[in-house]
């Protein structure tokens, strides 16, 4: 009798353990996150060197996690991201400020799926839609949104930690396409050859940013 009870207990324990190991498939998380983005501009145009320093700005939005297995998940996000660049001088600080609504689609990999703390890695594409853009210095600025490409494409990669209802991630977003139309920007600013803001030829300007975010899952 005792052996039968023990056998049943072992079977139940095995079944419970096996059920606990079944992969969670479907929507397993949704929430919000916010943080700070350190944006830069990558360019082959020497005259834009004044905008190559990092520019701090806000990043934040919402996300949804769809688990494919215990280790892999897809995570679409919608984020407001401040991009651009600047140069710090003593009295003049030229800047290029561009704000985007960004839609990353990340493939997440959980390094340690068991336990309360889940280190993660992720990578994926992102498409961004331009909201506003201006160039200027401390005393004046020009609206150059109409001289920018309305859509930007990039690739995102990074890592972080999921802990209970909280998430933390560090990511780098690298632009893949030219974000500007030089002729349109020259017309908007009224710049002539040899002027400070004049863009000659077809310079390549690509957005990039390093960001840190924390979030909460509902």
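The slack in the chain from residue 123 to residue 172, taken as 0.36 nm per residue of separation less the alpha-carbon distance, amounts to 16.7 nm. Normalising the average separation of contacting C-alpha pairs (under 8 angstrom, six or more residues apart) by the number of residues puts the relative contact order of the stretch 22-217 at 22 percent. When each of the peptides 176-187, 159-170 is scored by the mean number of other C-beta atoms lying within 10 Å of its residues, the order from highest to lowest reads 176-187, 159-170.
Here the stretch 22-217 has an Rg and Dmax of 18.9, 66 Å, counting Cα atoms alone.
Bear in mind these aren't lab numbers, they're just calculated from the coordinates by the rules spelled out. Since this is a predicted model, take the numbers as computed values, not measurements. All Cβ positions, glycine included, derive from the backbone under ideal geometry; neighbour counts span all protein chains shown.
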